[in-house]
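Notes follow once the structure below has been shown.
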Amino acid sequence: MANEYAASDAFKNRCTNAARRLQSCISYSIERISSDESRADRKENTLDVWLREGPQKPDVVVSLSGLYSVRPWEPALVPVFIDGISLIHLPESPAPWPAEAVARLERSDDLPELVWLRITGPLEVDAVASIVTVYQAQSDDAASVLPWQSEGVEQAQTAAENLGGTGQPGLYGLRCHS
């Protein structure tokens, strides 16, 4: 039972860290959105939202999979600015959900822990999923002065890994899934 609670706390902590990272994106714009809900297995369906402020700040990609709900949005010309952004942890039953989430999705005992992404502005994004990954690329300004530019890809991968990253230069991610 202790392992079950530890896993739950780890999921909640990863979601909290991802939410904190997204709070700094309030000055960003939505650059692009892609959605694939064509697969029969909902765990394979995805929603990706690219956020950008400009060359002085790093681009951010929010990738959701294991979609349980995506509210349709009106297609709009992008980029569009963001008025608000939140990522809310929705625990398994019997733990309570935040009041605003109760009417959002029909709750049952077989639902895993979930995350709820909401982006408000001229374009609204509202999705509930079991996995969220937040990727951050280095800003163009920071990338232009990296010491490994002339030293090869291997050192770039090592530096990215040392930053807690994916092994891809200039990209790291926070992933939470239940």
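The values are calculated or read from the model by the stated rules, or taken from the named source; none is laboratory data. What you see is a predicted model, and the numbers here were worked out from it, not measured in a lab. Every residue, glycine as well, gets a Cβ built from its backbone with ideal geometry; the counts of neighbours run over all protein chains shown.
Here is how the numbers come out for the structure above:
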| quantity | calculated |
| --- | --- |
| Pick from segment 69-105, criterion farther than 21 Å from Asn13 by Cα and of a type in the set (Phe, Trp, Tyr), ranking: surrounded by the most Cβ atoms within 10 Å (Cβ to Cβ) | Trp73 |
| Breaking point among (1) at pLDDT 85 or above; (2) at negative phi, for His177 | (1) |
| Check on Arg20, at pLDDT 90 or above and exposed (fewer than 14 other Cβ atoms within 10 Å of the Cβ) | yes |
| Filter result (assigned to a loop (DSSP other than H, G, I, E, B) and closer than 17 Å to Trp73 by Cα) within segment 11-37 | Glu37 |
| Residue within segment 127-147 that is of a type in the set (A, V, I, L, M), out of contact with any Lys or Arg (no Cβ under 8 Å at 6 or more places or on another chain) and modelled with pLDDT under 50 present | yes |
| Condition met for Ser108 (exposed (fewer than 12 other Cβ atoms within 10 Å of the Cβ) and more than 16 Å from the chain's Cα centre (by Cα)) | yes |
| Breaking point among (1) more than 15 Å from Val134 (Cα to Cα); (2) in a strand (DSSP E or B); (3) touching a residue at least 60 places away in the same chain (Cβ under 8 Å), for Gln56 | (2) |
| Among (1) of a type outside the set (A, V, I, L, M, F, W, C); (2) surrounded by fewer than 18 Cβ atoms within 10 Å (Cβ to Cβ); (3) at pLDDT below 90, the one test that Asn45 misses | (2) |
| Unmet requirement for Leu51, which otherwise passes all of (1) under 22 Å from Pro112 (Cβ atoms); (2) at pLDDT 85 or above; (3) of a type in the set (A, V, I, L, M, F, W, C) | (1) |
